[in-house]
Amino acid sequence: MWYCAYAKEKYFVCYATSKDGVNWVKPDLGIIDFNGSRHNNICRVGGGTVVYDPDDRDASRRYKMMSFDGVIKENFGYNVYFSPDGLNWTHYAKPVLPYGDVSNIAYDRDKKLFIATTKQRMLVSNTSITPGKNDRAAFVSVSEDFINWHAPGQPNSLWSLVVEGDPDDDRLVMSKGGIEANVYGMPVYPYQGAYIGFPWFFDITTYGNGEFAVTGDGKIQPQVAFSRDLRHWARPVRDPVLPLGKAGAWDDGTLYTSSNMQVSDKEMTVYYGAMNLPHGGNAGNMLQYARIAKASWRRDGFVSLYNDGSDTGSITTKTITFTGKQLKVNTKLNAGGSLRVEVLDKDGNAINGYTAGQSKAINKDQFAATVQWDKGADISALQGREIKLRFHLLGGNLYSYWFE
C-alpha cells in the first residue's frame, strides 16, 4: 500500500505491506530524512498516486506515479515519476498536465491504457452565492505511455469533463443549509470492459470555518458513476456509495477512496482514508486526524434493480447481439421473491421457448445463478441474433447479468 501522510505542512508518500490486507507493517525504508532520522516508511516527499505496470518493457518504469508539484515554479502542474521498485522515484522532466491538485490513476490492462482523473477548476461557479470560488470538477485523460496525455477519443484535447456538481446536487446541498456541491476527485476502476467511478462529492457549507476556511468547509463522501467509453458518464443514483461514519466517529468528516479495487468471486473491496473533521480542517479545540480502513460490497453490489412491493416489476434491456451459451444473474431474493427472464426478438416479441411462462423461477441469494427455461439453460441457438431480455422481479435485488 502507498498512502499519503501530512505533517509539518508537507505531504509524504508512505509505504506499508500486509499478508492479509488487514494487518499492516510499516517497513524501515531508510530513504527519506524526517525529524533527523531515516528510520521510517516514507518513500517520497510530496503526495501522489501509484500504479503498477507489469507490461512496461523498461523495468525501471514498472511503477508509475502522478503527483501535483506546487513548490517549484517550473514544475507547477501534474508531474509523473517512475520507479523500478515503487520506493525509489525518478521525476520526468516536466509536468504532463497543467493545473494541479488531486489526481487518481488507473491502468486498464486489457486496453493497455492509463487513465488519469484530475481535479480542475471550472471558470465559473455553479451558483451566484460563491462568486470567484471556481467550481471543482473531475476531468479524465488517457495515455499509452504515461507521459503524453489526451482526452478519450479526442487526441487534440488534454482532457474531458467527467463529473461536476450539477444543479440537482446543488439543490440537495442547499436543502441541508449548505451552498453548493463540488467534485473533489474521482478514482476510476476498469471493470468487466467498462468503468466504475467514485466521484468524491464535496458539500460546501461555509467559507468561514476551519484553518482552511478560504477553500471551503463541508463533508466529502463518494457517490458512484458509470461509463463504457470514459467519455459519457451516468450517475444512476445520488446516494453515497460509502457513507460517512456516525456523528463524532473517526470517519465522520471526509472520505477518500483508493485508486484501485480488489475483486473476488463474491466480493469487491476498496481501501479508503477518512478524517474526523470536514474539509476546513482544525477548528477551535478540535484537531483533525486520519485513518485508513477498507469497505466491502457483494460482487456488483454498488447499485441494483430493487423491488420490495407485492407486484412483480419488469424491465427490458436495449437490443443485444447475443453471443454465448448461458445467461447468468447475480441476484438476492427475499423469502417468497423470484426472478424470471424472457428473451425477446429485436422488435420486442417473446421468442417461443424462452417466454416468461417457460422461465423457471430463480430464488434465494445467488451470485451466479444460471437462468433456465423448460427446455433447459442452453440458449446457443440464439447465437448472433439481435435480442432483448425482459426481467420480471418480485421481492429482491438484481445486481447484474452476463452471458457465458
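Just so it is clear, none of the values below were taken in a lab; they were calculated from the coordinates. Since this is a predicted model, take the numbers as computed values, not measurements. Please note: Cβ atoms are built from the backbone with ideal geometry, for glycine as well, and neighbour counts cover all protein chains shown.
Things worth noting here:
- Tensor-based shape of region 305-403 (alpha-carbon gyration tensor, a/c under 1.5 rounded, otherwise prolate or oblate): prolate
- Mean Cβ count within 10 Å, highest first, over the residues of peptides 140-150, 34-44: 140-150, 34-44
- Residue (of 189, 233, 223) at the positive-pole extreme of region 2-298, dipole from beta-carbon charges: 189
- Listed candidates (i) 31, 30, 22; (ii) 33, 26, 21; (iii) 42, 25, 21 - label of the one calculated as semi-axes √(5λ) of the Cα gyration tensor in Å: (iii)
- Contour excess over end-to-end distance, with Cα ends at residue 147 and residue 377 and 0.36 nm allotted per residue: 78.0 nm
- Over region 305-403, relative contact order from alpha-carbon pairs under 8 Å, at least 6 apart, %: 50 percent
- Cut-off 20 Å (backbone N to label point 7 Å along Cα→Cβ of residue 323), residues of region 347-390: 378-389
- Residue-averaged [θ]222 nm for the chain, counting only DSSP H segments that reach four residues, each worth -39500 (n - 2.57): -500 deg cm²/dmol
- Taking a ≥ b ≥ c as the square roots of the eigenvalues of the Cα gyration tensor, an a/c ratio of 1.5 or more together with a/b no larger than b/c marks region 204-253 as oblate.
- Additional length obtainable on full extension of the chain from residue 161 to residue 93, 0.36 nm per residue less Cα span: 21.8 nm
- Pairs exceeding a 18 Å alpha-carbon distance, out of 246/294; 328/360; 19/294; 266/364: none at all.
- If R0 equals 35 Å, the separation of the Cβ atoms of residue 8 and residue 53 corresponds to a calculated FRET efficiency of about 0.65.
- Prolate/oblate/rounded label for region 1-91 (Cα gyration tensor, a/c 1.5): oblate
- Taking a point 7 Å out from the Cα of residue 312 in the direction of its Cβ, the residues of region 351-366 whose backbone N falls within less than 12 Å of it are 355-362.
- Amide N proximity, region 173-208 versus residue 226 label position 7 Å along Cα-to-Cβ, cut-off under 15 Å: 189-199
- Build a GNM of the chain with springs between Cα atoms under 10 Å apart, and of 383, 366, 221 the one that fluctuates most is 383.
- Report note on the peptides 193-200, 23-30, 108-115, 53-60: ranked by the mean count of other C-beta atoms within 10 Å, highest first, their order is 193-200, 108-115, 23-30, 53-60.
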